[in-house]
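The values are calculated or read from the model by the stated rules, or taken from the named source; none is laboratory data. Quick caveat: nothing in here was measured; it's all calculated off a predicted structure. Note that each Cβ is placed from the backbone with ideal geometry, even for glycine, and that neighbours are counted across all protein chains shown.
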Amino acid sequence: MSSAETEAVPFDAHGVEPIPPSGRDSTPREQFWIWAGANLAPINWVLGALGITLGLSLLETLIVIAAGNLVGCAVFGLFNVIGHRTAVNQMVLGRAPFGRRGAIIPGIVQCVLTMAWVGVNTWVVLDLVMAILAKLGLHGGLALEYLVAALIMAAQLGLALYGFYAIRSFEKYTVPLTVLVMAVMTVLALGQAELHWTAATAVNPGDKLTAVTQLMTAIGVGWGLSWLPYSADYSRFVRREASSKSVFWSSALGVYVPTVWLAALGACLASAGTGSDPSALVISTFGVMALPVLLLIMHGPVATNILNLYSCSLAVLSIGIRVARWKVTLAAGLVASGVLLVFVQADSFAHAFDNWMVSILVWISPWAAIVGVDYLILRRGHLDVPSLYAATSPYGLWNKGALVSLFLGLVAGWSWQYGLVSAMQGPLAVAANNTDFSWLSGSVVAGGLYYLVGRRSSSLPVAARSLENR
């Protein structure tokens, strides 16, 4: 790499300490590209088609997806604002409500899940690549699969090792081209489809409500909420003079636009009966040009994984492990590679594990509710940032009220969750005709209890510094 290129894309040597002003050179527009890139993924086609599979009409499916993501992405935008105003990563921000040691618990959860997601997402894109290569007549057996897996993992690990600035540059220059390809695919695919706007198989109110709640959790409100543990990890790099409004809209729209777009595309194709399988769509739409297009289709999962690897390293550092960030990222990549190897050798296990991972996302809404209530309501948008790192922090070591609220919120979320595995199908969900209000029940119980505990706690420290004093 030339010296000019090194200067243009500096190595990210930052850990979990607040980003100094000299390192905060990102723009709101770049934040948009980061989140848009991570959500321009084939999985959104499949999730969009879920509404049709559940029995909703195309019109009903589009309304649920568009309205639900308004809520989820708005909350996501708020969490990005917190990261911008503090210059602190998301898991360290959790020390305010949970305490310095109490925050280790969500930090460990985030670390483990992000490593697992890298393996899952790489397996998904690998499965897509192999399917398309097979339809193009390219067969190489297990050796070809291992080779493709190694190339994908090496690319995403290299970007994550280099850090935020490389991730930012990668997304900024590749997402616009990906958007262009996706736009062409959308026009060509819809031009061949005969849409059925009002046809639905769920006709009685009970079945329709069940379908709406399950879709809302999968690709409506739940989708934006699933990104909350990552948000501040990237918005902390946005330049100080950028307005909170610009940070909010760039990050919220970065998730909202591609998610709603691709989910709507998947719903339309499923409604037309042409299927939602991404590999089939690429082949039927582009024919012999499918191979170069495939490279761009792979962009979404790879863009997601570099965020998983980077945020995993920050989660590890947030729990108190003292080591260079890039070393943690490398270790996370090796673990994820091991997970991927197991998936390649045991496809049925990979499908089952993927279902478990989707169900485990129930932890995010109660955790996010506590963090949001603490910052927005109890502390009124002010934190003493240095105290988040102090050994004798006024935020304490363990906030039992927050941890108990988190536990009870998890129980409430699980109780009204209708997951893909039987163990994650709660009694309230089953009793209420398989509805899924997990994101709502978990956040209301956890956030409500923490608010009551925080209001009565005399130990809740008054912020010594405004978030803007960074």
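Worth a mention:
- Residue in the stretch 400-452 that is nearest to K208 (Cα to Cα), counting only those that are modelled with pLDDT of 90 or more and β-branched (V, I, T): T435
- Output for the stretch 169-187, where each listed residue is surrounded by 15 or more Cβ atoms within 10 Å (Cβ to Cβ), under 22 Å from F237 (Cβ atoms) and not hydroxyl-bearing (S, T, Y): F170, E171, K172, V175
- Within the option set A49, A134, being outside any loop (DSSP other than H, G, I, E, B), more than 19 Å from the chain's Cα centre (by Cα) and free of Cβ contacts under 8 Å to residues at least 24 places away in the same chain holds for one residue only, A134.
- Condition met for S231 (in contact with a Pro (Cβ under 8 Å, 6 or more places away or on another chain), among the small types (G, A, S) and under 22 Å from I65 (Cα atoms)): no
- Tallying residues that are within 24 Å of L157 (Cα to Cα) and either modelled with pLDDT of 95 or more or not hydrophobic (A, V, I, L, M, F, W, C) (or both) within the stretch 332-380 yields 7.
- Within the stretch 190-221, being in a loop (DSSP other than H, G, I, E, B) and within 23 Å of the chain's Cα centre (by Cα) holds for one residue alone: G220.
- Residue satisfying all of: in the stretch 20-43; part of a loop (DSSP other than H, G, I, E, B) and either among the acidic types (D, E) or within 22 Å of the chain's Cα centre (by Cα) (or both); modelled with the lowest pLDDT among these: P42
- Residues (surrounded by fewer than 18 Cβ atoms within 10 Å (Cβ to Cβ) and in contact (Cβ under 8 Å) with a residue 12 or more places away in the chain) located in the stretch 149-168: A155
- Only one of the numbered conditions (1) farther than 21 Å from F76 by Cα; (2) surrounded by fewer than 15 Cβ atoms within 10 Å (Cβ to Cβ) is not met by I377, and that is (1).
- Within the stretch 408-454, tally of residues that are of a type in the set (S, T, N, Q), surrounded by fewer than 21 Cβ atoms within 10 Å (Cβ to Cβ) and within 18 Å of G222 (Cβ to Cβ): 3
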